[in-house]
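**Student:** Before I ask anything, let me first share the structure, which is written out below as structure tokens.
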Amino acid sequence: MVLEVLVAVAVVSSIGTVLAVLLVVCEHFLADYGPCRISINDERNVTVRGGGSLLSMLTTEKVFIPSACGGRGTCGLCKLKVLQGAGPLLPTEEPYLNEEETLSNVRIACQVKVRNDLKIEIPPELFAVREYICKCAGIVDLTHDIKQFRFELVEPAEVDFIAGQYVQLLAPVYKKGGEEVYRAYSVSSDPTEKNSIETIIRLVPGGICTTYCFEYLKVGDEVRLNGPYGDFRLSDTNAPIVFIAGGSGMAPIKCILHYMQDTGNTRKAMYFFGANKVEELFLLDRMKKFESDLADFRFVPVVAALNDGENWSGQTGLVTEAVRRDLKNASECEAYLCGSPGMIDAATNVLIELGMKEEAIFYDKFE
């Protein structure tokens, strides 16, 4: 009896799988939605061939919407209002929308298919987002899986961004990547250097864009970026600052430190930077220079574990443990966190336990 039930379940599952595949095939090859018009903010109309996602259609028309995951539906950043023509809200969108957004017709652009005419609204500042043609001017190995890239702007020749923002980098079709994809990377360079953009990128095993950057991108190659995006930035207060980051989370913090130096900012600041091993620490000389140039800045590198006999005089353990040990006035501070969701959640919990107000904690989660 049990065997018969298992066989029946297997048959039903197989039929479901076959039907799902057939639907995908039909959608791809048979559905022809023809030309569809997208009205943007009642200011601009574009006509596209229906069938793709709203995010990809807008990108084709050089209307760039932030998307840290490159349109895979896992970051929830590509939000915009669809006033007409989108159809019902999808289950894949619901986790990223609150009740107010749902009632206001906010949708996740990468999940909305363009099947007919649409009327949409996007934030006006996104019209200021530009595409930049650049030349890769430098690649520096920082650790075994983190590189620093510098891109010189060709057209347009300058960019304005706020310290803490990010850009999207286009990975073209290459041997291991079957399609063009955009991925988001925080800017790490000095905002006063308007003719170039620097990023710090960690290799993601199997990642389409990071594989391109690490294995295929060469100095002198043309690169396309768009941006800038993001609301992660230093607030306009005098509160002492606590920076917490790990790995490539260094990027926006370094950019903010450049900004503080450029503007003569005298706020007290501590930067806790976590690494698993001593050899995963990087840019220590640059951080030491910030310590000497800024009015009241302290850099605290923290190594999770040491190898036998390894020479390290700094702090050890989890970076959150170092924060718990050293931070004595959390209720007076603001925190800026950058890194993996797990690290940010753990750091947030520690800061709140130490007395920091939740509204004084700002973060940039790297998906």
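Every number in this text was worked out from the coordinates using simple rules, so none of it is lab data. Just so it is clear, the structure is predicted and the values come from calculations on it, not from any experiment. Quick reminder, even Gly has a Cβ in these numbers, built from the backbone with ideal geometry, and neighbours come from all protein chains shown.
**Student:** Considering the options T320, G34, C255, tell which one lies farthest towards the positive end of the dipole of the chain, charges being +1 on Lys and Arg and -1 on Asp and Glu at the Cβ, about the Cα centre.
**Tutor:** G34
**Student:** For the chain, what's the relative contact order in percent, using C-alpha pairs closer than 8 Å and at least 6 residues apart? Provide the component values of the computation, followed by the final result.
**Tutor:** Values: 699 pairs, mean separation 44.9, N = 367.
Once divided by the residue count of the chain, the mean separation gives 12 percent.
**Student:** Only four residue types carry charge here, +1 at the Cβ of Lys and Arg and -1 at the Cβ of Asp and Glu. Report the dipole size of the stretch 241-365 about the Cα centre in Debye, rounded to the nearest 20.
**Tutor:** Using only the charged Cβ atoms, the result is roughly 180 debye.
**Student:** DSSP loop trypsin sites (Lys or Arg not before Pro) in the stretch 65-128 with at most 12 other Cβ atoms within 10 Å of their Cβ, which ones? Intermediate values should be presented prior to the final figure.
**Tutor:** Working: sites: R72, K79, K81, R107, K113, R115, K119; in loops: R72, R115.
For trypsin sites (Lys or Arg not before Pro) across the stretch 65-128 that sit outside H, G, I, E and B with at most 12 neighbouring Cβ atoms in 10 Å, the list reads R72.
**Student:** Here is a further query. Whole-Hz Karplus ³J(HN,Hα) for the stretch 317-326, in order, using 6.51 cos²θ - 1.76 cosθ + 1.60 and θ = phi - 60°, x for Gly and Pro?
**Tutor:** x, 6, 4, 5, 5, 5, 4, 4, 6, 9
**Student:** What length, rounded to one decimal in nm, is gained on full extension from T266 through to N45, with 0.36 nm per residue of separation minus their alpha-carbon distance?
**Tutor:** Here the answer is 74.8 nm.
**Student:** Could you name the lysines in cross-link range of K113, using Cα to Cα under 16 Å and dropping any fewer than eight places away on the same chain?
**Tutor:** K79, K81
**Student:** At 222 nm, what value in deg cm²/dmol follows for the chain if DSSP H runs of at least 4 each add -39500 (n - 2.57) and the sum is divided by all its residues, to the nearest 500?
**Tutor:** Theoretical 222 nm ellipticity from helices: -7500 deg cm²/dmol.
**Student:** Could you tell me whether the stretch 241-365 comes out rounded, prolate or oblate from its Cα gyration tensor? Rule is a ≥ b ≥ c as square roots of the eigenvalues, rounded for a/c under 1.5, then prolate if a/b exceeds b/c, otherwise oblate.
**Tutor:** Oblate.
**Student:** Moving on. Mind checking the stretch 247-341 for trypsin sites (Lys or Arg not before Pro) that DSSP puts in a loop (not H, G, I, E or B) and that have at most 15 other Cβ atoms within 10 Å?
**Tutor:** The qualifying sites are K277, K328.
**Student:** If you build a Gaussian network model of the chain, linking Cα atoms that sit under 10 Å apart, which residue out of S53, S186, S292 swings the most?
**Tutor:** S292
**Student:** Charges at C-beta only: +1 for Lys and Arg, -1 for Asp and Glu. How large is the resulting dipole of the chain about its Cα centre, in Debye rounded to 20?
**Tutor:** So the magnitude is around 460 debye.
**Student:** So how many Lys-Lys pairs in the stretch 193-319 land under 28 Å Cα to Cα, not counting same-chain pairs under 8 apart?
**Tutor:** Taking the Cα cut-off of 28 Å, the pair count is 15.
**Student:** With contacts defined as alpha carbon pairs under 8 Å and 6 or more residues apart, what's the relative contact order of the stretch 221-365 in percent?
**Tutor:** Across the stretch 221-365, relative contact order equals 25 percent.
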